[in-house]
Ligand code: MRU
């Protein structure tokens, strides 16, 4: 099994996703600032993995504290949480994990410092393990949507690497493959950072799931040719009405799917759903550095002097989404009702 990030010997260990697929190396973070930096520079990425990284990073920061007076513990805890909450804006899972760590901290504040540290580490490890279990449940629900012979397009990386393990959209694909269904996956390379070509393709090759890599701008042509009969993607934040923020390019795929009568599915845990946001236009969209557009892996590909615009995510209106797969079941239109029902199960 691919292990994306975990707690080991009082440190946070993560697979360095910037080095994949050329090098498989693990990075050990001894300070919470290193985990914040790893989230910002995409060493660890994907909404659920970012949440897990923050939980582990908060535990790491508190575990290393020298001045353990209650006042200092409290001050540092909230300051560390704040540093994580400013690392990336779009993935709801980040804020969900920080809230969970805060809730635990408030429950245990007043215990001796060693107990506070121990409890925070335990909570972060629990969040890590629960993430894998949730993905497996999502896979069990989602595989019912996949049939023998399906040719499925996915975008970005919503696999083991985007989570603590197993994956969301790719978890559904994995679950269908494990069941013996004969499927073929088309992988969008996912410009500008190539999460599809570098990460999803790496996972599929490793697991021997039949797959073909395409450039993003080929998707429409393949749909027209009848080469794709389903699309499944992950999500960074889902509004109460089902509008879904995911990697830039997802919206165009959903429109193309609609035009070709191809079902478009989203797979995400409940921790990605933001019930405080009514509709997609309220979702904060991260803008990343121009360098991701003007350069390719450090090499300039555009002329000096050109300006660039680099939104990292877009929002797909719920009307283009056939179903949202979660660990609690599958939501379909009307989404407002079906999504709120998932939280009551
Ligand atoms: O910028 P990234 O690589 O963090 O973006 C990741 C995505 O958009 C994923 O599709 C999403 O987080 C779902 S991951 C299970």
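The values are calculated or read from the model by the stated rules, or taken from the named source; none is laboratory data. Note that the coordinates shown come from a computational prediction; the quantities given were computed from them, not determined experimentally. A quick note on method: Cβ atoms are made from the backbone with ideal geometry, for glycine too, and the neighbour counts reach across all protein chains shown.
Numbers at a glance
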| quantity | calculated |
| --- | --- |
| Only one of 189, 203 that is in the same structural domain as residue 264 (by TED's automatic domain parsing), away from the ligand (no atom under 11 Å from the Cβ) and farther than 19 Å from residue 253 by Cα | 203 |
| Among the residues listed as 149, 165, the single one being within 13 Å of the ligand (Cβ to nearest atom) and either farther than 11 Å from residue 211 by Cα or outside the structural domain of residue 314 (by TED's automatic domain parsing) (or both) | 165 |
| Single residue of 307, 276 found to be outside the structural domain of residue 48 (by TED's automatic domain parsing), away from the ligand (no atom under 14 Å from the Cβ), over 22 Å from the mean Cα position of the chain (by Cα) and in a loop (DSSP other than H, G, I, E, B) | 307 |
| Members of the stretch 334-345 found to be in a loop (DSSP other than H, G, I, E, B) and touching a helix residue (DSSP H, G or I) at 6+ places or on another chain (Cβ under 7 Å), listed by number | 343 |
| Selected residue [over 16 Å from residue 247 (Cβ atoms), at pLDDT 95 or above and more than 16 Å from the ligand (Cβ to nearest atom)] from 160, 140 | 140 |
| Verdict on residue 289 being within 16 Å of the ligand (Cβ to nearest atom), surrounded by fewer than 18 Cβ atoms within 10 Å (Cβ to Cβ) and either at pLDDT 95 or above or under 19 Å from residue 146 (Cα atoms) (or both) | yes |
| Scope the stretch 218-242; condition within 16 Å of the ligand (Cβ to nearest atom) and either at positive phi or surrounded by fewer than 24 Cβ atoms within 10 Å (Cβ to Cβ) (or both); matching residues | 219, 242 |
| So residue 183, is it modelled with pLDDT of 95 or more and either within 16 Å of the ligand (Cβ to nearest atom) or in the same structural domain as residue 69 (by TED's automatic domain parsing) (or both) | no |
| Candidates 92, 117, filtered to the one that is more than 30 Å from residue 182 (Cα to Cα), outside the structural domain of residue 176 (by TED's automatic domain parsing) and either under 16 Å from the mean Cα position of the chain (by Cα) or in contact (Cβ under 8 Å) with a residue 60 or more places away in the chain (or both) | 92 |
| Hits in the stretch 310-332 (condition: loosely packed, with under 15 Cβ neighbours inside 10 Å and in a loop (DSSP other than H, G, I, E, B)) | 332 |
